[in-house]
Every structure is written in structure tokens, then in C-alpha cells.
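Derivation of every value follows stated rules applied to the coordinates shown; laboratory data play no part. Please read these numbers as outputs of a predicted model, since none were measured by experiment. We place every Cβ from the backbone using ideal geometry, glycine too, and count neighbours over all the protein chains shown.
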Amino acid sequence: MTQTGVLDMFNGWLRNILEEVSADQRLGIIHALREVLDDEEDRIDAAKMIKKSRQPKQWTEKITIAAAVSKVWEEFEDLAGEMREAFDNTPENLQRSQVGEAREEAANALEDLKHEKPDVPEAIGQKTVEVLHTRYGSSRADRRDDACATLAAVVGILNAENGDESKLRDNLNNVLSEAENVEFPEWGCRT
């Protein structure tokens, strides 16, 4: 493998790690890297890379309303499955702990959302919406927030319409409200 290939692989690996760790852990990684890196130029490059990795990833997507709604519900289904699995894999003696119960509540809430997927009328479904995606990482909360941003963009388009979109808009607003209140507990202090 070439030196460039090794560096690219290391950079990708480091970015993935830095997206998933707390600020204190990130600081520990920086200090460890400083000890390993003996060249001042390498340290400056590492610091720039770490700073860049903390920036949110943003992109816009033009998508039909029907496709946006389907995409959001796929994410809700994935999150529901992950939270159900997290609860089921929690040891029985911890399932009634604060984290265990919160996992079950999150799984139940997301499973309930799966059943609230609206039928999008064809005339409305073909309209396009531009969604600004902002993701700081790939945590469950980040993915939920991204799905909620998509729903909010759809609701914004429906608010601008003067037709029979009120039922769909109200349904999506209710789902948006419920989804924003789902918490994703982990062991320790992270939520």
C-alpha cells in the first residue's frame, strides 16, 4: 500500500472515531497524537484535521414529497429496530433500570410512529422539496434529527399550499412532534 493510501485510510479512521466520541475523549486523542507526532508540521496537520472533523456535514437534496416521506419512515423503522434490539439485548436485571426503561420507551414510540405513515396523494407526492441535511455524526439522535428536518421541510411546502393538504400536514406535524421527543439513552451520561 502506498503512503498516500495509508494516510487516507488513517484519516478516514480517525474522522470516524472523532465523530463518535465526547469532547473530553477527543481532547485525550489530541494529546496522544501530539506525543506520537514528533514533527511540528504533522501536529499542525493533525490539529486541522481534528478541527475539520468537528464541523457538521451539510448537503441539500431535492426529492419528491412522496420519496421524502418514505425515506423518513424507513429511518424511523431502522431506529425502532435498533432500539428494540438494544432493549432486548439489555440484561434482564438491567431492563428495569432507567436506561433499560428509556430504551424500551424509545423502541415503543418509534414502533408507534411506523404505524402512522400517511398515504401521500399522488398530486402532492410529485411535488419536490429541498431538504437541508445537517449531520454531526451518525448517532441515533443525529439520524432522528435529520429525519425530522426532512419532515419539517415537507410540512413547510404543505403550509404554502392552499389545497387539501391540511390533513396530511397535520398528520406530519403530529409525527414530527412525537419524533422530536424520542430520546436515545446510553449507559453513562450520554443521551
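Would you please give the FRET efficiency between residue 93 and residue 127, computed as 1/(1 + (r/R0)^6) with r the Cβ-Cβ distance and R0 = 45 Å, to the nearest 0.05?
Computed FRET efficiency for residue 93 and residue 127: 0.30.
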Full-extension gain in nm, residue 170 to residue 186, via 0.36 nm per residue minus C-alpha separation: 2.6 nm
In nm, spacing of pseudo-spin labels at residue 160 and residue 117 (7 Å Cα→C-beta vector): 2.7
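Figure the gain on full extension for residue 14 and residue 77 (residue separation times 0.36 nm, minus the Cα-Cα span) and round it to one decimal in nm.
So the extension gain works out to 19.7 nm.
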Additional length obtainable on full extension of the chain from residue 58 to residue 177, 0.36 nm per residue less Cα span: 40.5 nm
Cα gyration tensor category, rounded, prolate or oblate, for region 57-180 with a/c compared to 1.5: prolate
